[in-house]
Amino acid sequence: MTESNAVGRDPEAVSKFVESFAAQLVEAGMQRMPARVFAALLSSDEGSMTSAELGEQLQISPAAVSGAVRYLTMTHMVSREREPGSRRERYRVHGDQWYEALTNREAIIKRWEGALREGVSSLGAETPAGRRMAETLAFFEFVEGEVAAMMERWRVHRREMFGDG
């Protein structure tokens, strides 16, 4: 039984949800096709689909699926898995995809901080540009600390709500 024919599901309602949620992700800055693929995976009961299943549900080409999945795996929002005994890949969204995506962003923020420190040093801390760089650096250091504390609170909250699973 395919996801769109799952018992208790209205395929039209699922499709409307996928497109609506994808539109929200696009509005927040995600590319359109990765947003649609992510929303489809997130709304599937198994949390995983093959390229063919995604193409059929979203009415998109294999190339569009491939490009979207490449972006989503690069941002740690989706993982690739081989089907046992098959050459087909399944694309899976995990319950902790938001945690993984934020953790990945934390590494990027660290790199930006290094570049900003170099900018402050190169421009001179007392110049207008150097002060602007120093303020930007302070902002990212603040955000990094807040995200780390927030993620720890999330882990506790998640355990309380959903168990260790």
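Numbers at a glance
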item: Selection from Leu54, Val65, Gly95, by position along the positive dipole direction of segment 36-101 (Cβ); result: Val65
item: Sequence of Asp10, Asp96, Asp164 from largest to smallest accessible area, 1.4 Å probe; result: Asp164, Asp10, Asp96
item: Size of charge dipole - the chain - debye, nearest 20, with Cβ of Lys, Arg +1 and Asp, Glu -1, no other charges; result: 380 debye
item: Probe 1.4 Å - accessible area at Lys16, Å² to nearest ten; result: 130 Å²
item: The chain - percent relative contact order, Cα under 8 Å, separation 6 or more; result: 13 percent
item: Global geometry of segment 47-165, whether rounded, prolate or oblate, following the gyration tensor of its Cα atoms and the 1.5 cut on a/c; result: oblate
item: Accessible surface of the chain, 1.4 Å probe, proportion on carbon and sulfur as whole %; result: 56 percent
item: Probe 1.4 Å, accessible area per residue of segment 81-165, Å²; result: 73 Å²
item: Difference of contour (0.36 nm per residue) and Cα-Cα distance, Arg82 to Ala148; result: 20.5 nm
item: Peptides ranked, highest mean first, by Cβ atoms within 10 Å: ranges 18-28, 118-128; result: 18-28, 118-128
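The values are calculated or read from the model by the stated rules, or taken from the named source; none is laboratory data. The structure displayed is predicted, hence computed values, not measured ones. Note: ideal-geometry Cβ built from the backbone for every residue, glycine included; neighbour counts use all protein chains shown. Keep in mind that these areas ignore ligands, DNA and RNA; they rest on the heavy atoms of the full protein, side chains included. Shrake-Rupley method; radii C 1.70, N 1.55, O 1.52, S 1.80 Å.
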